[in-house]
Amino acid sequence: MPSPIPYLSMENPGEVCYTVGRTVRTFRDAVDAEEKRWHAFSRVLTPSRRARLARIFDYARQYADAGTVAVTPRVTEVVFLMALLGIIEDIEALESRVEGLEAELESQR
């Protein structure tokens, strides 16, 4: 008999359930459920901050393959870690662009 496979409940976010022989819900589904859980918080934010919060969940979806193999039942931890990875990538790209622009300015002098 196969071992039970843990998955996160869509009805009760954060609750870990177990299944044997059934399809496990995707990590993207778990991210969607987590985003819904933060909906009340999101509603009181200014529109620009609401958009930034939405970007956090967008980053999480971009790294869903990594989130699938994360060894934690806490989706929020994985969502925020993946958002940090995405933010770091954006910062590094901006730093590289600034360095290129600075070098271009220096060469024009």
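The values are calculated or read from the model by the stated rules, or taken from the named source; none is laboratory data. All values derive from a computational prediction rather than experimental measurement. So basically every Cβ, Gly included, is an ideal-geometry build from the backbone, and we count neighbours across all protein chains shown.
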Qualifying residues in segment 8-50 (those that are assigned to a strand (DSSP E or B) and surrounded by fewer than 14 Cβ atoms within 10 Å (Cβ to Cβ)) - the one modelled with the highest pLDDT: V16
Among residues of segment 56-75, those that are within 17 Å of W38 (Cβ to Cβ) and at pLDDT below 85, counted: 3
Residue list for segment 71-109, filter: without any contact (Cβ under 8 Å) to a residue 12 or more places away in the chain and among the small types (G, A, S): A93, S96, G100, A103, S107
Condition met for L53 (outside any helix (DSSP H, G or I) and modelled with pLDDT of 85 or more): no
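Can you give me the number of residues within segment 68-109 that are among the hydroxyl-bearing types (S, T, Y), part of a helix (DSSP H, G or I) and either surrounded by 10 or more Cβ atoms within 10 Å (Cβ to Cβ) or touching a Ser or Thr at 6+ places or on another chain (Cβ under 9 Å) (or both)? Explain how you work it out, then say what you get.
Filtering segment 68-109 for residues among the hydroxyl-bearing types (S, T, Y) gives 68, 72, 76, 96, 107.
With part of a helix (DSSP H, G or I) added as a condition, the list becomes 68, 76, 96, 107.
Checking the rest, the ones that are also either surrounded by 10 or more Cβ atoms within 10 Å (Cβ to Cβ) or touching a Ser or Thr at 6+ places or on another chain (Cβ under 9 Å) (or both) come to 68, 76, 96.
Looking only at that region, the number is 3.
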